[in-house]
1. Can you confirm whether B:Val131 is under 32 Å from the mean Cα position of the chain (by Cα) and under 22 Å from B:Ala194 (Cβ atoms)?
2. Here is a list of conditions, (1) in contact with a strand residue (DSSP E or B) (Cβ under 6 Å, 6 or more places away or on another chain); (2) within 24 Å of B:Thr45 (Cα to Cα); (3) crowded, with 20+ Cβ neighbours inside 10 Å, and B:Phe139 meets all of them except one; can you say which number that is?
3. Checking the conditions here, which among A:Lys136, A:Lys71 is at pLDDT 90 or above, more than 9 Å from chain B (Cβ to nearest Cβ) and farther than 26 Å from B:Gln335 by Cβ?
4. Please go through segment A:132-147 and pick out each residue that is in a helix (DSSP H, G or I), touching a helix residue (DSSP H, G or I) at 6+ places or on another chain (Cβ under 6 Å) and within 15 Å of A:Leu98 (Cα to Cα).
5. Of everything in segment B:328-340 that's hydrophobic (A, V, I, L, M, F, W, C) and farther than 25 Å from B:Thr721 by Cα, which residue is nearest to the other protein chains (Cβ to nearest Cβ)?
6. Checking the structure you have, find out if any residue of segment A:6-26 is of a type in the set (A, V, I, L, M, F, W, C), within 18 Å of the chain's Cα centre (by Cα) and within 13 Å of chain B (Cβ to nearest Cβ).
7. Among the residues of segment A:39-52, which ones are more than 9 Å from chain B (Cβ to nearest Cβ), assigned to a loop (DSSP other than H, G, I, E, B) and either surrounded by fewer than 17 Cβ atoms within 10 Å (Cβ to Cβ) or under 16 Å from the mean Cα position of the chain (by Cα) (or both)?
Amino acid sequence: MITLRNLEKCYDTGGAKTFVLRQVNFDVAPGEFVTIMGPSGAGKSTLLAILGMLDGQWTGEYEFLSEAVHKLSVKQRNELHKHYIGFVFQQYHLIDGLTVEENLDIPLSYRNVPKKERQAIVADTLDRFQIVAKKKLFPNQLSGGQQQLVAVARAIVASPKLILADEPTGNLHSSQGREIMELFKKLNAQGTTIIQVTHSEVNASYGDRVVNLLDGWIVK
Amino acid sequence: MDAILQDLRYALRGLARSPGFAIAVVATLALGIGANTTMFGVLDTLLLKPPARVRDPGRVARVYFNRNFGEGVTFTGASTSFPSYESLKDATGFSATAAWFDGQLSLGHGAEAKSIKVRGVTASYFPLLGVGPVLGRSFSAADDKLGAEPVAIVSHRYWLRSMGGESGVLQRSLPIGRHSYAIVGVAPEGFSGADLEEPDVWLPLRTATPDLNDVEALTSRNWFWVRALVRLASGRTLAAAEASATLAERRAASASDRRRDTSTSVVLGPIQEARGPRMSGDAKVALWVGAVALMVLLVACANVGNLLLSRGLRRRREMAIRAGLGAGRGRLVRQLLVESLVLAIGGGAAALLVAMWGGAAVRAFLLPGLPASATLLQTRVLVFTAAVATLTGLLAGVVPAWQASRTDVAESLRGGGRDVTATRGRLRSALVATQMTLTLVLLVGAGLFVHSLRNAQSLDYGLDLDHVLEASVDAQSAGVSRTDSPGGPSDPQSALYLRLLEAIRANPAVSSAAASVGEPYGWSHSTDLRVSGRDSLPHLSSGGPYFNAVTAGFFATTGTRIVRGRGITEADQVRGASPVAVVGQTFARLVWPGRGPIGQCLYVNGNDSTCVQVVGVAQDTRARGVTEAQTLMYYIPFGQHLVTPPINGLLIRTRGPARLADAEVQRALQRAEPNLPYVSVRSLAEAVAPQWRSWRLGATMFTAFGLLALAIAALGLYAVTAYGVTQRTQEIGVRIALGAQRPHVVRLVVTQAARATAIGAAVGLVIALGLGRAVVALLFDVKPVDGISVLGAVATLLAVSGVAAFFPARRAARIDPMEALRYE
């Protein structure tokens, strides 16, 4: 599904270059559950943002579902991201002004799904995640765990092939975190490829393999 | 469609969650759009909209005459002689012609007399415009003949307000001038003819001429008093009709007198008078005010743009999330534009309220002659407002929307809700500077015109404007007419005024009174004058020499100082007394340079054998105009029969302020003679006020709009500075934690605001100085680079900007560093 070759990202800092990622070579097969680990500043979140096509400032080669992403325009990348990738953020990043139901509706709306179909999918997702009773609430009326649950629901509502999760349990209690990881496991079992970034060994154990990053390099 | 409704729903909800922001934007737009809505209504009435109820107004034209006065001087005017109007009927190209004259006549006599506006029209006037009365009938050809039974059509407004809308109106008559006019019709509501101002009563022109003018006016080619309208015949072009009318005019002129100039040409203009060859003063003013209102709208747009930019930056995280969820840039821009359009529509609706108030203010302070209909909220005005609101929403919102959609998703999400790129908002600063630029231009304009107005009002006019009234009566309506003998007490008109003079002198509110042939800011008289020892007299741009024949006590009444010799006494007025004169200071200085004028001789009105001896020198007055400081003026006693004009008015000095005594004086004069028509009384201050109009107008307009722009700009500066403090809270907390004192923090915040203000002020100054040169002809005794105006404007701008930036700066200085470092 994913192939990275010599992927690099750097920032210009007063004439010199500061590398965040160095010669990253990385493959992910469909259906895998991969964990990326490393100390703070290793480049984990940056790598995830590049994989999710949220960051376009890098060099190297990136193939996603046989598409050469490094050759695509911004618009083409956005289309690819929109149709195949769901993102779960550490800080949930729900839209405060929208209800739970509307937060789930937004990704479908951006994919031009007709209204009736959206309503059906959202209803189904709310039921699946057992948050029907909370559909009219706003994010500030939910607990952290509930918000992250909604964030995960939002990430999968459009049935993406790949889920990218950046510290998905970082702001949660251990029991809430366990709940989220069980959910990821279930989704993976149903065929969704998952790549997570985490500091937690417990979370890493839910995955199939671990990729370690240190100072921007993948280390064995 | 569903997506747009979704955007609309989210926009309304988002604005409801930020009521302060929404109110600030709507209020700002309401002021900016409201000012323009008001001025559009005025400009629409003056320039664009045809007069109400006129059928096919595009085929109706006003007639102007371009006349040659020799030495390359030509003049295009609407007034012409009645025979000249009649010659239009010989032109091909017109299906109808009509003439009209506007005047003021006395309704009734004695204590109940009132002044009414009348319009004398030919019988063809109403049919030409395609309008018939709502009650009764229009004028027939038989009505419009000299000596015919006098009939009248009352305006709808007059019928409702002054006659109670009575159903028996067609059985009534009105005593107008010297005749009783039987009412035969009521004009339709809102109909004002070809002009904007609705008269009280319409009279047949020829029948009413003895009341409106002299009968000779119907046959004399030298008497320019009527205006003409034509309706183009089907298929005829304007150019062809003009050529034909010119030919007819020249043929008629030549036929009447071979020596007469036959180079006059006819020009046809639109029915809207302001669009003709001689744009009215009101229309010019309205265009100026419209341009100024547009500047205020631009300030409002810049302000709102800044507020939207700040809001967009606060929503970077939300925009990043939406982009991360798949929203394309177009979708994000559309969402934000829907929001700014919602705000603009709210601003447009509120603008209508502003326009309702603004319309009354425009009529009260800027254009008092404007009809009320010009400031009503009509359909065209509503459509204009909707269009301006939409354009404003797009203009103010498009750049902030584009900026907000350019979010770096990864960067924004990593930084949470804070503007982590810590841009100093060059665009925001530029918008603040733009507002300051426009505001300073308006404030400097205000200073220049206020200075001009004060200069004009503080002049020594040589007249006591606040304690002198001038009174006049329509002699024709009074039934008195001039005799052919030179003016003297026996002249019926003069005799009437002298009787009124005696009566008013006895009034306890009056300290003195005098009669005169000429009146300040009214008619000036000139006659043949020779001075012994001189071949010719000096020539001034103000013309002259002018004379005024006055009764004793004239100078004491008007407050004009006698600087040498004496004034005119009762003894001078006796027939047979030695002819004397008092000359003005400029007259004395220029005619007898280096010599005393007392005892010198004047020979007046071709009488070379009678020496009119100069007995005094009076202070120069500005009785002919504010800008005419030097005039060749001399005064002679009324009653010496040296000149022919009769007395035309009284000057009355009141014991208290004239404006408080005018009603009482008017009543006293009205009662003084039986069956006297309406006596017009006004103070000299009222008489001179029109002279100040242009400066007062400029001062009011620029001050009002300048202050409005200042308020909007200050609000914008406050909002931008407050936002900057919020964004830099953590930085400020760190600085304080590291030892920064309050003054350091205040300076940090204020410096940024001051920079934008200073740049804007500097650019505004350059523009204002340039524009000052362009309007220098409109100023009075003020240089375009007027230090007082510029310093005042800059000081005002800096002071208000300082206050606007102070409050956020004070808030920044009070930041608790521990709270700030936890801020996220």
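1. Against the criterion (under 32 Å from the mean Cα position of the chain (by Cα) and under 22 Å from B:Ala194 (Cβ atoms)), B:Val131 qualifies.
2. Tallying (1) in contact with a strand residue (DSSP E or B) (Cβ under 6 Å, 6 or more places away or on another chain); (2) within 24 Å of B:Thr45 (Cα to Cα); (3) crowded, with 20+ Cβ neighbours inside 10 Å, B:Phe139 fails exactly one: (2).
3. Values: A:Lys136 fails: farther than 26 Å from B:Gln335 by Cβ.
Going through A:Lys136, A:Lys71 in turn, the sole match is A:Lys71.
4. Passing the criteria: A:Lys134, A:Pro139, A:Gln147.
5. We begin by selecting, within segment B:328-340, every residue hydrophobic (A, V, I, L, M, F, W, C); these are B:332-333, B:336-338.
Those still in the list that are farther than 25 Å from B:Thr721 by Cα too: B:332-333, B:338.
Values: B:Leu332: 10, B:Val333: 14, B:Val338: 14 Å.
In this case the residue turns out to be B:Leu332.
6. no
7. The answer is A:Pro39, A:Ser40, A:Gly41, A:Gly43.
Yes/no per residue for (1) in contact with a helix residue (DSSP H, G or I) (Cβ under 9 Å, 6 or more places away or on another chain); (2) at pLDDT 90 or above:
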residue	(1), (2)
B:Ala3	yes, no
B:Asp7	yes, yes
B:Tyr10	yes, yes
B:Phe40	yes, no
B:Leu46	yes, no
B:Arg53	yes, yes
B:Phe65	yes, yes
B:Phe75	no, no
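The values are calculated or read from the model by the stated rules, or taken from the named source; none is laboratory data. Because the structure is a prediction, the values reported are computed rather than measured. Here the Cβ is made from the backbone with ideal geometry for all residues, glycine too, and neighbour counts use every protein chain on show.
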